[in-house]
Each structure stands twice: as C-alpha cells, then as structure tokens.
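K.L.:
Before we start, here is the structure in question, set down as structure tokens.
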C-alpha cells in the first residue's frame with residue numbers, strides 16, 4: 001500500500017510540474033514574444049514610427065475606436081471608449097479634448113469640411129434621445145444637430161460613419177445597413193448608394209471620400225471595398241472574404257494614400273492591415289495579433305495623412321500606432 005501511495009504521489013507531482021510548465025510556456029508565448037520581436041512587415045516601404053497612448057492630461061486612452069486625419073490642418077482626431085474626441089497635432093502631441101461639456105455624448109465617427117466645420121455622428125443618449133449628426137464650427141463650438149429624415153426607419157437609424165462632399169451633402173453609414181445614405185445639410189434623404197452582390201444589397205459599415213471625390217464603401221460582411229467616382233459611376237470592388245494572407249475576414253476601415261498610390265484596409269479579426277495598389281490588387285499585409293510594436297489587437301479603424309503616414313486605432317491594445325510609408 002505504501003508503494004502504491006508513493007507512486008501515486010510521484011504521478012501527481014509530475015502532472016503538476018507538467019501543468020506549470022505548460023502554463024508558463026503559454027504566458028511566455030503570449031506576453032514575451034510580441035514585446036521582443038517587431039511584427040513581420042512584408043515590405044520595406046512600411047516602417048513603425050510611434051505609438052500614442054495618452055491624452056493631453058496624461059491619462060490613458062481607452063479603447064480607441066475611430067481615427068481621422070484632417071487634410072487641411074494635419075491634425076488627428078481620435079474617438080475613444082470614454083465618449084470623447086481627442087485632438088492631436090501633426091506631431092501627435094495631444095492638444096485638446098471634446099467631451100460631454102462640449103456637446104459630445106456618444107460619438108461614433110466624424111468628418112470635416114474644407115471650412116473646418118466638424119460633423120460628429122452621435123447615437124442617442126439620456127441627454128438627447130435622438131440619433132443625430134452634431135455640427136461644430138471651426139472654433140469647435142456646437143452650432144446645431146442634424147436629424148435624418150425622409151425615409152422609413154429614419155428615427156431608428158444610427159449614424160456610424162460619415163463623409164461630406166464638396167456640395168455639403170453627407171454620406172452616412174450605419175453599423176449594419178444595406179448601402180449608405182446620401183443626405184443634404186438638413187438631413188433630408190437624397191438617395192441611397194447600394195452596391196450589390198449576387199442579387200443582394202451589400203451591408204455597408206464605413207465610408208470615406210478621397211481627394212478626387214471618389215467614394216469608398218466598406219462591407220465587413222462581404223469582405224470587400226466598393227469604389228465609385230463622385231458621380232456614382234462604379235469603378236471597381238476589391239478584397240476577398242477569408243482568413244488567410246491577402247484576404248479580408250472583418251474589414252472595418254479603409255485609407256487611401258494618393259501620394260504613393262496605395263490603399264490600406266484594417267482587418268478586425270485578422271489583426272492586420274492589408275495593402276492594395278490603386279487597381280485593387282493585393283500587394284502585402286503587415287501586423288498580426290500581439291502586444292509589441294507593430295502588432296495589433298482587434299484594430300477597428302485607420303486613416304492616412306498628407307505625409308502618407310498610416311494611423312491605426314489599435315483598440316484592445318488601447319493605443320494608436322503610427323507607421324510611415326514611402
């Protein structure tokens with residue numbers, strides 16, 4: 001009996017040591033590797049530059065969800081999980097924060113026009129129970145709210161991403177809606193731009209305009225981006241649904257680098273940025289899931305500034321990463 005107990009004790013000890021070794025190996029893999037090795041970058045044209053993780057008071061960013069690079073001022077606008085908009089200089093110095101005291105309650109996305117007016121898509125909250133687009137002048141003072149109207153379900157439509165054209169009209173995407181709304185400056189529906197896939201309308205979750213007025217629509221569900229000219233003539237669609245290299249699992253945002261002729265798509269589920277040429281042909285991708293420089297955890301948005309820098313909302317790492325390109 002004593003021999004059996006001794007063997008049983010030895011087996012339990014060996015099992016405990018094996019379990020401890022396995023746990024330590026997992027922890028080392030998860031937390032050790034990404035901190036010591038830069039993420040693999042499949043091209044010499046993309047270089048990690050810096051990370052942004054604090055506001056102007058030194059407080060930590062909290063799950064950043066949206067980023068916008070103003071082409072006029074070169075300032076960067078960031079929305080984080082504390083329902084605020086943090087403004088950074090072109091050198092990524094935190095400058096100013098817009099929050100509840102400024103009329104920012106539930107920001108989802110934003111855009112700016114050539115005059116410096118700021119337009120913020122906001123969902124309903126206790127203070128204002130209606131979904132809306134809030135308008136701020138060039139001095140960042142609230143002026144008015146725009147309420148969408150003129151279509152079925154307008155009161156329940158939650159604006160998620162917006163873009164403004166040279167006419168002062170808006171493209172408005174929801175988080176789950178077939179197409180994007182095209183509305184005037186008073187929120188009245190003009191038309192709906194709806195790409196189609198195999199006789200079904202694509203669900204669009206993001207929209208941007210480039211300097212030439214081309215319209216880029218992101219479909220997370222289809223794993224594709226649709227491109228139209230300013231007159232709504234279809235140009236192309238690119239991206240292929242999938243979970244392997246060169247494919248898009250859950251694309252959330254797109255950015256256009258006019259200077260270098262590239263397009264960047266951030267993939268929430270693959271933790272990568274996928275790069276295409278202006279014809280929509282896949283070139284390379286960078287990133288991957290991790291915690292160190294150049295790695296991402298569920299990134300949800302990106303923007304490209306006038307210098308061609310790629311600014312990425314690295315959401316679950318609670319930071320923004322900046323990459324230079326050439």
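K.L.:
Of the residues 64, 71, which is part of a loop (DSSP other than H, G, I, E, B), in contact (Cβ under 8 Å) with a residue 12 or more places away in the chain and crowded, with 17+ Cβ neighbours inside 10 Å?
P.N.:
64
K.L.:
Looking only at segment 191-210, which residues are modelled with pLDDT under 95 and in a loop (DSSP other than H, G, I, E, B)?
P.N.:
Once the filter is applied, which keeps residues that are modelled with pLDDT under 95 and in a loop (DSSP other than H, G, I, E, B), segment 191-210 yields 198, 199.
K.L.:
Let me ask something else. Return the total of residues in segment 201-233 being farther than 23 Å from residue 132 by Cβ and either touching a residue at least 12 places away in the same chain (Cβ under 8 Å) or under 19 Å from the mean Cα position of the chain (by Cα) (or both).
P.N.:
21
K.L.:
Filter segment 127-139 for residues that are exposed (fewer than 15 other Cβ atoms within 10 Å of the Cβ) and within 30 Å of residue 75 (Cβ to Cβ) and give the result.
P.N.:
127, 130, 137, 138, 139
K.L.:
Could you please give the count of residues in segment 277-326 that are in a strand (DSSP E or B) and over 17 Å from the mean Cα position of the chain (by Cα)?
P.N.:
6
K.L.:
Please enumerate the residues belonging to segment 159-171 that are more than 14 Å from residue 203 (Cβ to Cβ) and either in a strand (DSSP E or B) or out of contact with any strand residue (DSSP E or B) (no Cβ under 7 Å at 6 or more places or on another chain) (or both).
P.N.:
Once the filter is applied, which keeps residues that are more than 14 Å from residue 203 (Cβ to Cβ) and either in a strand (DSSP E or B) or out of contact with any strand residue (DSSP E or B) (no Cβ under 7 Å at 6 or more places or on another chain) (or both), segment 159-171 yields 162, 163, 164, 166, 167, 168, 170, 171.
K.L.:
Given the criterion in a strand (DSSP E or B), free of Cβ contacts under 8 Å to residues at least 60 places away in the same chain and more than 19 Å from residue 191 (Cβ to Cβ), identify the matching residue among 144, 125, 130.
P.N.:
Only one candidate passes the filter, namely 144.
K.L.:
Within segment 250-276, which residues are in a loop (DSSP other than H, G, I, E, B) and buried (at least 17 other Cβ atoms within 10 Å of the Cβ)? Break it down stepwise before answering.
P.N.:
Keep residues of segment 250-276 that are in a loop (DSSP other than H, G, I, E, B), which gives 250, 258-261, 268-271.
Passing the criteria: 250, 268, 270, 271.
K.L.:
For segment 76-115, how many residues meet the condition of being surrounded by 15 or more Cβ atoms within 10 Å (Cβ to Cβ) and in a strand (DSSP E or B)?
P.N.:
Total satisfying the criteria: 19.
K.L.:
Which residues, taken from segment 177-190, are touching a residue at least 40 places away in the same chain (Cβ under 8 Å) and either in a loop (DSSP other than H, G, I, E, B) or out of contact with any strand residue (DSSP E or B) (no Cβ under 9 Å at 6 or more places or on another chain) (or both)?
P.N.:
Hits for segment 177-190 are 186, 187.
K.L.:
Yes or no: segment 283-299 includes at least one residue that is surrounded by fewer than 24 Cβ atoms within 10 Å (Cβ to Cβ), modelled with pLDDT of 95 or more and within 18 Å of residue 216 (Cα to Cα).
P.N.:
Within segment 283-299 (the criterion being surrounded by fewer than 24 Cβ atoms within 10 Å (Cβ to Cβ), modelled with pLDDT of 95 or more and within 18 Å of residue 216 (Cα to Cα)), the answer is no, since none of the residues qualifies.
K.L.:
Might you check whether a residue that is surrounded by fewer than 24 Cβ atoms within 10 Å (Cβ to Cβ) and touching a helix residue (DSSP H, G or I) at 6+ places or on another chain (Cβ under 7 Å) occurs anywhere in segment 308-315?
P.N.:
No: segment 308-315 contains no residue that is surrounded by fewer than 24 Cβ atoms within 10 Å (Cβ to Cβ) and touching a helix residue (DSSP H, G or I) at 6+ places or on another chain (Cβ under 7 Å).
The values are calculated or read from the model by the stated rules, or taken from the named source; none is laboratory data. Treat the numbers as computed from the prediction; the structure is a model and nothing was measured. Glycine gets a Cβ as well: all are built from the backbone with ideal geometry, and neighbour counts include every protein chain shown.
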